[in-house]
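J.: Below you will find the structure I want to go over with you.
The values are calculated or read from the model by the stated rules, or taken from the named source; none is laboratory data. What you see is a predicted model, and the numbers here were worked out from it, not measured in a lab. No Cβ is skipped: glycine too gets one built from the backbone with ideal geometry, and neighbour counts run over all protein chains shown.
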Ligand code: GAR
């Protein structure tokens, strides 16, 4: 059984999709050990508690500087001895020491087709604002492993979503979530939990 930690900062609809997919058997061989947030007010923490999953907050506000926060966050995460860390709308830059410790064991969902609209400054609604202002006709979502760069790690799954006339960033964000994120994030966890994902020469291969 793959033990998973889900890291969240906000509403937690992706967390909800993962919990639902485990419940209905879409994801097998995986269980969520803990949900950790940097934000005390994240509704995602409520979702976890309602589901009977341990929910904890490690807030940067409680530490004297970023290094102290990073250290405490990593210690908290380590204490659960998980096999996989899932960033589900986690808006904190992952410190290098955590990336080194969890090589190819951290995955992230990003709301665009990487390498478009990703990297520094592209998170949440800003991604969809970028897509609309460029006038792309197709966008989507990407699940990738996390490496030292921002949104640069090996890509596991992507799914395209149409941009429609009259879309606002909010409307497009919702469509990308419904048609892509909530499907491919659980799917990636299922593939990893069932030993179907390997990284070879920096690229992901998925077994049939
Ligand atoms: C999601 O759209 C996720 O892809 C995005 O934040 C949102 C979180 O929503 N993540 C990023 O932009 C990371 N760069 P949620 O809290 O409802 O799952």
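J.: Looking only at the range 12-38, filter to residues that are within 12 Å of the ligand (Cβ to nearest atom) and not in a helix (DSSP H, G or I); which one of those is nearest to residue 173 (Cα to Cα)?
T.: Of the residues in the range 12-38, the ones within 12 Å of the ligand (Cβ to nearest atom) are 12-19, 35, 37.
Checking which are not in a helix (DSSP H, G or I) leaves us with 12, 35, 37.
Numbers: 12: 14, 35: 23, 37: 22 Å.
Going through the qualifying residues, I end up with 12.
J.: Related question: If I filter the range 96-115 for residues that are at positive phi, in contact with a helix residue (DSSP H, G or I) (Cβ under 9 Å, 6 or more places away or on another chain), in contact (Cβ under 8 Å) with a residue 24 or more places away in the chain and surrounded by 16 or more Cβ atoms within 10 Å (Cβ to Cβ), do I get at least one hit? Break it down stepwise before answering.
T.: Here is the first cut: in the range 96-115, the residues at positive phi are 104.
This time we only want the ones that are in contact with a helix residue (DSSP H, G or I) (Cβ under 9 Å, 6 or more places away or on another chain), so: none.
Within the range 96-115, none of the residues are at positive phi, in contact with a helix residue (DSSP H, G or I) (Cβ under 9 Å, 6 or more places away or on another chain), in contact (Cβ under 8 Å) with a residue 24 or more places away in the chain and surrounded by 16 or more Cβ atoms within 10 Å (Cβ to Cβ).
J.: If I filter the range 146-165 for residues that are within 10 Å of the ligand (Cβ to nearest atom), more than 30 Å from residue 68 (Cβ to Cβ) and within 16 Å of the chain's Cα centre (by Cα), do I get at least one hit? Don't jump to the end; show me each part of the working.
T.: Just the residues of the range 146-165 that are within 10 Å of the ligand (Cβ to nearest atom), to begin with: 150-151.
Now drop any that are not more than 30 Å from residue 68 (Cβ to Cβ), which leaves none.
Within the range 146-165, none of the residues are within 10 Å of the ligand (Cβ to nearest atom), more than 30 Å from residue 68 (Cβ to Cβ) and within 16 Å of the chain's Cα centre (by Cα).
J.: So which of 126, 120, 159, 203 is surrounded by fewer than 16 Cβ atoms within 10 Å (Cβ to Cβ) and touching a strand residue (DSSP E or B) at 6+ places or on another chain (Cβ under 9 Å)?
T.: Details: 126 fails: touching a strand residue (DSSP E or B) at 6+ places or on another chain (Cβ under 9 Å); 120 fails: touching a strand residue (DSSP E or B) at 6+ places or on another chain (Cβ under 9 Å); 159 fails: surrounded by fewer than 16 Cβ atoms within 10 Å (Cβ to Cβ).
Just one listed residue meets the conditions, 203.
J.: Among the residues of the range 73-93, is any in contact with a helix residue (DSSP H, G or I) (Cβ under 9 Å, 6 or more places away or on another chain), on the phi > 0 side of the Ramachandran plot and at pLDDT 95 or above?
T.: yes
J.: Regarding residue 180, is this residue away from the ligand (no atom under 11 Å from the Cβ) and either within 27 Å of residue 24 (Cα to Cα) or touching a residue at least 12 places away in the same chain (Cβ under 8 Å) (or both)? Before the answer, list the steps.
T.: Numbers: away from the ligand (no atom under 11 Å from the Cβ): no; either within 27 Å of residue 24 (Cα to Cα) or touching a residue at least 12 places away in the same chain (Cβ under 8 Å) (or both): yes.
So residue 180 fails the test.
J.: Go through (1) in a helix (DSSP H, G or I); (2) within 15 Å of the ligand (Cβ to nearest atom) and name the single condition residue 72 misses.
T.: Only one criterion is unmet by residue 72, namely (2).
J.: Failed condition for residue 85, given (1) assigned to a helix (DSSP H, G or I); (2) within 16 Å of the ligand (Cβ to nearest atom), with all others met?
T.: Failed condition: (1).
J.: Sticking with this one: Can you spot a residue in the range 39-56 that is part of a strand (DSSP E or B), surrounded by fewer than 19 Cβ atoms within 10 Å (Cβ to Cβ) and over 16 Å from the mean Cα position of the chain (by Cα)?
T.: Narrowing the range 39-56 to residues part of a strand (DSSP E or B): 55-56.
Checking the rest, the ones that are also surrounded by fewer than 19 Cβ atoms within 10 Å (Cβ to Cβ) come to 56.
Remaining after also requiring over 16 Å from the mean Cα position of the chain (by Cα): 56.
Yes: one or more hits.
J.: Could you tell me which residue of the range 120-130 is farthest from the chain's Cα centre (by Cα), considering only residues that are in a loop (DSSP other than H, G, I, E, B) and near the ligand (Cβ under 9 Å from one of its atoms)? Before the answer, list the steps.
T.: To start, the set of residues in the range 120-130 that are in a loop (DSSP other than H, G, I, E, B) comprises 120-124.
Next, from what is left, pick out any that are near the ligand (Cβ under 9 Å from one of its atoms): 122-124.
On the way: 122: 14, 123: 11, 124: 12 Å.
Ranking the candidates gives 122 first.
J.: Against the conditions (1) crowded, with 18+ Cβ neighbours inside 10 Å; (2) more than 21 Å from residue 180 (Cα to Cα); (3) within 12 Å of the ligand (Cβ to nearest atom), where does residue 9 fall short? Just the number, please.
T.: Only one criterion is unmet by residue 9, namely (2).
J.: Checking residue 148 against (1) loosely packed, with under 13 Cβ neighbours inside 10 Å; (2) within 24 Å of residue 96 (Cα to Cα); (3) out of contact with any helix residue (DSSP H, G or I) (no Cβ under 7 Å at 6 or more places or on another chain): exactly one of these is not met. Which one?
T.: Here residue 148 meets the rest and fails (3).
J.: Residue check, residue 98 against (1) within 15 Å of the ligand (Cβ to nearest atom); (2) touching a strand residue (DSSP E or B) at 6+ places or on another chain (Cβ under 9 Å); (3) part of a helix (DSSP H, G or I), all met but one. Which one?
T.: (1)
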